[in-house]
Amino acid sequence: MDIQFTEEQELLRSSVQRMLRDQYSFEARRKSVSSEEGWSRKQWAAFAELGLLAAPFSEESGGLGGGPLSTMIIAQEFGRHLVVEPFMETVVLAGSLIEHAGTDEQKQAFIPDIVAGQKIWALAWTERGSRFDLADVATTARADGKDYILSGEKTAVIAAPWADSLIVSARTAGKRDDRSGISLFVVDARAANLDLRSFKTIDGRRAAEVTFREVRGELLGSEGEGVALLETCRDRAIGALCAEAVGAMAELNSATLEFSKTRKQFGVTIGSFQVLQHRMVDMFIAHQEALSLMQHLNLSLGASEAGISRLASGAKSKIGYAGKFIADQAVQLHGGMGMTDELNVGHYFKRISSINIQFGDPAHHLLRYVQLDAAA
Amino acid sequence: MELALSPEDAAFRDEVRAFIAENYPQEMRVPNPETDLTKEQSLLWHRILYRKGWVAPLWPKEYGGPGWSITRRFIFEQETSRAGTLPPLAFSVTMVGPVIYTFGNDAQKQKFLPRILSGDDWWCQGYSEPGSGSDLATVRTKAVRDGDHYIVNGHKTWTTLAQHADWIFCLVRTDPGAKPQAGISFLLIDMKSPGVTVRPIVTIDGSHEVNDVFLEDVRVPVENLIGEENKGWTYAKFLLGNERTSMAGIGRSTRYLDRLKKIVKAEIAADDPARLDFSKEIGRIELDVLALEATELRVIAQMARGIDPGPAASLFKIRGTEIFQGITELTHRAIGNDGLALREQPLSANRFMPGPDYGHTASEKYLNSRKLSIYGGSNEIQRNIIAKAVLGL
């Protein structure tokens, strides 16, 4: 089972590959990451110019109509190059929420700026203690004219320090933990009474805790239906995160294999040791399985199949464990070099660690996968 | 788990426990002592133990050791590590010290041993090189005799805290024609010598713990040679044996497990299915610790009866490091979304870190502990040792 890509999809893949090869070397990335802002606006503009920020949106929304498969192709290549720019947050998370839940007016107001690379977005859904539960929301929103007023605190909002706008989940009814009564809001990230406390992430990006003190927000989607919207959004996000992870795993495997063929100890290449050969065979198998499952998930997302959410959790778990195994072993087999900041191997390790936290770790999704089966 | 102690040994244990409680410096209790302390702060406890006469439990009495039995040494190790104290300078006290008193001459013993005990000299280890990690016998750093000096040229790497060091003990090649193990000598080099350069290596957790050390035409007096020329391999192996005995790390693992349980309780609701999942994982590691501790006690009991434990050190290294990696991994997982954050280096009190204090070093501990299965002879090498020396394969 291997995806037969269309000509357009092949073209997208090869153009992303070419761009990243030419412009996104590990050293160029290091420079962006260690800069004051921590990312490259110039690179973002180049993504826009190549049409990457338009790729998954429907043509009616001003996109290229590539859907989840185009996201998968882009994310996989981004994973290979450890791209830090907020494609996931702006296009996959916010972009798809706006496209699926927004009014025509909202779509027209927001999507063209995303596609053109003019605006950055971030999604604020986690709270202190909410862990990976989309419905555990204490932040409140009360109606005020046609808008709402938000109060509360969100944690671990990736890309918030770079964002122009946030999509925020807040409670319009019910009590903490109630599945219903949560709504989504568009909030200006520079609004008065909105405080950001920024920090660096393990994978070289920026995130923030965000405090809202009576901050004005605009409703996105139906009131009280936020959790269902977020669940669909999470499934798509998992499709993209898994693609990124698989891209990173491929790079780790090829770097490790290459290293094992050149690194000599005890007078021979370390790749000649059977114990390491078997280890690398297991890494190869882990990547093959992850790649297959990742493609299967994204094809299903593209076809909007039933049971997609359970499959997404299954993939997030299986690919998460596979990625962790590969990352652990890639560092181990590189020895001390794998521990250094200088070599890219440790950075792939950290990227995979970060992916394994976002939207739930592999153990969380394993439990969810099992529970959804029991519930069916 | 406790050894069955005689009343005297039990009294000794209580004395050690009380001494730690009363004397361990508060300013050394920082989130990550291995990387957060200055050189002076790192030495505080070392100096307190020195004044008490307890800084070098392993050493014979004549060189300044406390003259403890194997059981007391073990009790001391257990109590200090359970209390989470930063050990005295390991490369000085545990590694080079025993080499000097075992193989060094009288002048060397008089010159170096007192300053090792007092903490006046900070030692680092010049073993690994870019081309020789697990395969130490291939060291390429050359030492060529020139009158009453050696001229040393080479590149040492992964040198822990070389930025603080006054001295480095090095494996150097003195006979390029001999078989790899036969042409190596053990040389003590003053870090202030012209031609010694230290370059930091930043690791994936963002910290600066290890370094490259470049040696360019460094003139080392012949009197700094330990033992005989070209016999360095024997001394190096002796030293590595000492390095690996302390790697079971029961005290540390027990402490981190206790901490992990508190974190899980605080972070994950009792009715969340993840709670049971964590309990199960923690339970498995607890049993691993229990079994390793029982093994350690069994080996200590054998040693007290004069039985050579053989390569038990390799077993301790493998299991001790795997256990600790497992704990740091679970701790990182337990803090959920806060695990995305990594403290910025150099550390500053003004930088924001999300979440409760207990999670602030979870990411860097998780990342940093990846090294445990690599250094001190990788776990693959340790398995080779057991296969060969124990199983006869």
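FYI, it's all coordinate maths here, none of it is from the lab. Since the model is a prediction, treat every value here as computed from it, not as a measurement. Note: ideal-geometry Cβ built from the backbone for every residue, glycine included; neighbour counts use all protein chains shown.
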Against the longest principal axis of chain B, how steep is helix B:273-304, in degrees 0 to 90 to the nearest 10, with axes from Cα atoms? 40 degrees
Pairwise label distance in nanometres, B:D272 with A:S34, each label 7 Å out on the Cα-Cβ vector: 3.7 nm
Rotationally averaged projected area of the range B:123-231 (alpha carbon convex hull; nm²): 6.6 nm²
Scan the range B:261-355 for GluC sites (Glu not before Pro) in coil per DSSP, keeping those whose Cβ has at most 13 other Cβ atoms within 10 Å, and list them by number. B:E344
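Fewest first, what order do B:R13, A:R21 take by the number of other Cβ atoms within 10 Å? If you can, show how the numbers build up before the last one.
Details: B:R13 19, A:R21 12.
Fewest-to-most Cβ neighbours within 10 Å comes out as A:R21, B:R13.
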Nearest 10 degrees, 0 to 90: helix B:7-23 Cα axis against chain B principal axis: 90 degrees
Tell me the angle of helix B:379-389 to the major Cα principal axis of chain B, expressed in degrees between 0 and 90 and rounded to the nearest ten. 70 degrees
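Using DSSP to define loop residues, name the GluC sites (Glu not before Pro) in the range B:162-259 whose beta-carbon has at most 13 other beta-carbon atoms within 10 Å. Could the numbers behind the result be given before it?
Values: sites: B:E209, B:E216, B:E223, B:E228, B:E229, B:E243; in loops: B:E228, B:E229.
Hits after loop and neighbour filter: B:E228.
Over the Cα atoms of the protein assembly as shown, compute the convex hull volume and normalise it per residue, giving Å³. Present the calculation step by step, with values, prior to reporting the outcome.
Values: hull volume 134.7 nm³, N = 769.
Spelled out: Cα convex hull of the protein assembly as shown, divided by residues, is 175 Å³.
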So if R0 is 22 Å, what FRET efficiency would B:A4 and B:I307 give, r being the distance between their Cβ atoms, rounded to the nearest 0.05? 0.80
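Roughly how crowded by other chains is peptide A:192-204, in terms of the mean Cβ count from those chains within 10 Å of each of its Cβ atoms? List each step's numbers first, then the result.
Numbers: counts 0, 0, 0, 0, 1, 3, 3, 11, 9, 5, 12, 2, 1.
Across A:192-204, the average partner-chain Cβ count within 10 Å equals 4.
I'm a student and want to see the number: the projected area of the Cα convex hull of the range B:1-119, averaged over all directions, in nm².
Mean shadow area of the hull around the Cα atoms is 7.9 nm².
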Taking the Cα-to-Cβ direction at A:R21 and at B:N105 and moving 7 Å from each Cα, how far apart do the two end points lie in nm? 6.4 nm
C-alpha center-to-center spacing [the range A:77-108, the range A:302-369] in angstrom: 21 Å
Return the whole-Å distance between the Cα centroid of the range B:36-89 and the Cα centroid of the range B:270-335. 23 Å
With viscosity set to 1.306 mPa s and temperature to 10 °C, compute the Stokes-Einstein D of the range A:1-159, Rh being the Kirkwood radius across alpha carbon pairs; µm²/s, no decimals. 92 µm²/s
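If I stretch the segment between B:R255 and B:A178 completely, what's the gain in nm (0.36 nm per residue apart, minus their alpha carbon distance), one decimal? Walk me through the numbers before you get to the answer.
Numbers: separation 77, 0.36 × 77 = 27.72 nm, distance 4.78 nm.
Fully extending the segment from B:R255 to B:A178 adds 22.9 nm.
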What list do you get for B:L292, A:L276 if you sort them by fewest beta carbons within 10 Å? A:L276, B:L292
Does a label point 7 Å from the Cα of A:Q274, set along Cα-to-beta-carbon, have any residues of the range B:349-393 with amide nitrogen under 13 Å, and which are they? B:393
Using Cβ contacts closer than 10 Å as the measure, can you line up B:D357, B:D272, B:D120, A:D328 from fewest to most? B:D357, B:D120, B:D272, A:D328
Which value does Rg/Rh take for chain B over its C-alpha atoms, Rh per Kirkwood? 0.97
Any idea how many Lys pairs in the range B:1-160 come in under 30 angstrom at the alpha carbon, given 8 or more places apart or on separate chains? 15
What is the ratio of the Cα radius of gyration of the range A:122-224 to 2.2 N^0.38 Å, where N is its residue count, to two decimals? 1.00
